[in-house]
Structure formats: structure tokens, C-alpha cells
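The structure appears below as C-alpha cells.
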Amino acid sequence: MTEEPYRWVEAVANRREYIETQLASGSPIAAVGYRDGILFVTLGRTRQKVYEIYDRIAMGAIGHPGDIERLRMAAIELASTEGFTRSAADVSLRRLAYYSLSPVLKAGFEQIYGAPYLARMLFAEIGDKPEDDLFLRVEYDGAIATNGATFSETRQDFGALSGTRAATELMESFLKREHKPDGSLRSALKTGLEAWTVGHIGSSDDGARELPGKEAIAARLQEQLTGSGIEGAILERDARRAIRYRALADDEVKALTAG
């Protein structure tokens, strides 16, 4: 009997290694605040990676399509139930992540005789002011990383998600250096695409640990754009709009990236 806890720890370690391997090739996602809202951006060929969850909440995800869909529908149902039984203003990303999604993911990860969720998720909630914006990254094991200020970390106006933790950290380092939260949508899209490229380099080039130079970023982005399309969506800050979420059309993306 004394060996059982050690077998469980070993099983969890093997489970983590398996999930990390499965997620490693996922296309990165950047969520960046700008003057009039929050922009989600990624590159892909066919499958959608960015979704609306509720009035002021959006989600980007990488992983197995079936698991992402299950988690997306669970988030929508939870938010809708909360909004119906109380009010739309009471729907909170923080409550949704900490009290609903995180426990489900943690339980799925630790129950070693069942299938875990193969998914990483990036959420954003638009606030009335930029300082009220919330970014949350939810891991497959239920762990949550936020942009909120702590005693040791300053608040950031962005979120990043990649196939590996090291690549995500590279994206965050790049955004800390380059992101301008009071910029335009055009500048946010440019920075978001460059952050995506940093994440792609970090997860595909033998685990790069240093930020690439501007020329390397531009060359890799141009190379990836030959076989992939840009997927973008925004949460608009204007409270007069009934619907805050809007996917960017191809023509709009082309106009924003021209020149």
C-alpha cells in the first residue's frame, strides 16, 4: 500500500509529459489590449481558434478540437446560466475560471484512469477602462496565470498562449518590451503577429530560449503567411454596443497589415 502514492505521482508525471508533447505543436495565440479594446490574433489553416464566450468575454485555445469544444460549451453554458439567474453584469471571467473551469480541468488531469483534457485556453474580459481588462491563461491541469498585479509582478495589458511553457514565456518577454496598450488596432495587430512569431520560433526551433531579432521575426512571419491565414477577433470597449465581440474579416485584416 505504501507504494500507491508513488505510483500515482509517477502516473501524473507521465500524464503531464504526454499532454505537453501533444500540445507542443499548437499555433500560438496573442491577446493584446489597445486603445479601444482587446485583440486576439493567431495564424492557422482551417480550424477556428478564437471564440466568443459571453458579452465581454472571449477565448482562444490550442489542443484537441473535441476537448476545446467541450470546454468552450461548458464555459458558455456556465456564463449564460449565471447571466440568466442573476444578471449579465454579474458574469465574471474570474468566477468562471476559478470556480468552474479550473476545478474541472484539475479533476480531469488527476483522475489517472480517465482521459485528461488536451487543451490550453487564453481568456480575456474587456473592462470599462484599460486598467480593468482581465487576461487569464488556464492550463490543462487547472493552473491559472493572470495579468493581475502582485507584490512581485507588475500588471500587464496582454496575454499569451503557446504550445510550450518556454515559448509562452518568450512571447510574454517580447510583449513586455514591445506592446503599447494605448496604441491603435493596426499597431496592436502588428505587435500581436510578431508575438505569435516569437511563440512559433520558441516552440519549433529546438526550444529557443532567447528572443529572436526583428529580421528573424519578419522572415519567419512572412514564411508562415504563405501557407496560413490570420485569424483575428476583437472585444470592443464601447459600452454602447450590444455585442462587444467581433471577428475581423479578411479584407479588414489585409487593410490593417498593408504597408
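Using a 10 angstrom Cβ neighbour count of at most 16 plus a DSSP loop assignment to flag exposed chymotrypsin sites (Phe, Trp or Tyr not before Pro), which longest range of the chain is free of such sites?
Longest run free of exposed loop sites: 1-112.
Fewest to most neighbouring Cβ within 10 Å: what's the order for Met121, Met73, Met171?
Met73, Met121, Met171
For the residues Ile62, Ile217, Ile126, what sequence is obtained by ranking on other C-beta atoms within 10 Å, fewest first?
Ile217, Ile62, Ile126
Using θ = phi - 60° and the Karplus relation 6.51 cos²θ - 1.76 cosθ + 1.60, list the HN-Hα couplings for region 248-254 in order, rounded to whole Hz, with x at every Gly or Pro.
Calculated HN-Hα couplings, in order: 7, 6, 4, 5, 5, 4, 4 Hz.
Given the chain, what whole percent of its Cα pairs are spread farther than 28 Å?
Pairs farther apart than 28 Å: 33 percent.
Among Val32, Val104, Val9, which comes first, second and so on when ranked by fewest other beta-carbon atoms within 10 Å?
Sorted ascending by nearby Cβ count, the order is Val9, Val104, Val32.
Across the chain, where is the longest run that never hits GluC sites (Glu not before Pro) in a DSSP loop with at most 13 other C-beta atoms within 10 Å?
Looking at the chain, 4-152 is the longest stretch - no exposed GluC sites (Glu not before Pro) with at most 13 other Cβ atoms within 10 Å.
Place a +1 charge on the Cβ of each Lys and Arg in the chain and a -1 charge on the Cβ of each Asp and Glu, then give the dipole magnitude about the Cα centre in debye, rounded to the nearest 20.
It comes to approximately 420 debye.
Go through region 211-224 residue by residue and turn each phi into a ³J(HN,Hα) via Karplus (6.51, -1.76, 1.60, θ = phi - 60°); whole Hz please, and just put x for glycine and proline.
For region 211-224, the Karplus-derived couplings read 5, x, x, 4, 5, 5, 5, 4, 5, 5, 4, 4, 5, 6 Hz, x marking Gly and Pro.
Shape call for region 43-133 from the C-alpha gyration tensor, a ≥ b ≥ c root eigenvalues: rounded (a/c under 1.5), prolate (a/b greater than b/c) or oblate?
In terms of gyration-tensor shape, oblate.
Quick note: the coordinates plus some simple rules give every number you see, no bench work behind them. Since this is a predicted model, take the numbers as computed values, not measurements. A quick note on method: Cβ atoms are made from the backbone with ideal geometry, for glycine too, and the neighbour counts reach across all protein chains shown.
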